[in-house]
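For reference, the structure is listed below as structure tokens.
The values are calculated or read from the model by the stated rules, or taken from the named source; none is laboratory data. Note that the structure is predicted; figures quoted are calculated from it, not measured. As a convention, Cβ positions derive from the backbone with ideal geometry for all residues, glycine included, and neighbour counts pool all protein chains shown.
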Amino acid sequence: MKEKNIYAEIQNAIGVNNKVLASALAKRRMVPMIGEINRDMANGLIEILTALDLKETAPITILIGSNGGSVQDGQYVYGIIDTLNSPVDGLVIRNADSMAVDILLHCRKRMALPTASFFLHFTRHKFNVIQDSEKLSEYEIGALIKNMTEGKAERENMYAKRLGKDVEEIRRLFQIGEKYHTEYPAEEALELGIIDKIVTDFKFWK
């Protein structure tokens, strides 16, 4: 017998599901970004963001709780954020790890609940390489190294600019994350410049 999903049962009992919740939040111009950052999440997030932006140009708040995910899909999201007429704010309600921090740093206001946490690490690259010979050519190896180096530098410079620190300090923060898997609580994130405000009066529904 299939085990029941107690959370789904509760949602059914009160007549609420994820789509209903997302719709209700959208009316308050809030958009949840919960879970892995992948193509499906990115497409859904961007669909809601652009629809809200088309309706009016009042501020939009992304509610963040994510362990990160795909670099390409994260870049897709914050690339769209930068094109909207509506200012986009980020509020971390659970955690912002890895690429979720990158997206947060592209928001106008960067906020967090007191219980939120943050995780930073070095840039991780994934490539699809089509190999049509016994070994990669010098040109192919050079192109891979060039893409990796440029991507690393672009990300480090973005963090340096948004956090108001030099690149060496950003690399130190990334190294701490990699070596010790350090998760920064909201107060430390505020001190580091990852966020600019800790929110203590947030309510989903008013």
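Being without any contact (Cβ under 8 Å) to a residue 40 or more places away in the chain and either among the small types (Gly, Ala, Ser) or not in a helix (DSSP H, G or I) (or both) is true for just one of LYS161, LYS165. Which residue is that?
Checking each option against the conditions leaves just LYS165.
When residues in the stretch 78-100 are screened for being assigned to a helix (DSSP H, G or I) and either in contact with a His (Cβ under 9 Å, 6 or more places away or on another chain) or without any contact (Cβ under 8 Å) to a residue 24 or more places away in the chain (or both), 3 of them pass. None of GLY35, GLY44, GLY69 is out of contact with any Gly (no Cβ under 7 Å at 6 or more places or on another chain) and closer than 21 Å to ARG155 by Cα except GLY69.
Determine, yes or no, whether GLU56 is surrounded by fewer than 17 Cβ atoms within 10 Å (Cβ to Cβ), of a type in the set (Asp, Glu), farther than 27 Å from GLU188 by Cα and modelled with pLDDT of 95 or more.
Taking the combined requirement at face value, the residue satisfies it.
Can you go through GLU178, GLU140 and tell me which one is among the charged types (D, E, K, R), assigned to a helix (DSSP H, G or I), modelled with pLDDT under 95 and touching a His at 6+ places or on another chain (Cβ under 7 Å)? When all the criteria are applied, what remains is GLU178.
With respect to the conditions (1) surrounded by 14 or more Cβ atoms within 10 Å (Cβ to Cβ); (2) over 20 Å from ASP196 (Cβ atoms), GLU154 falls short on a single one, namely (1).
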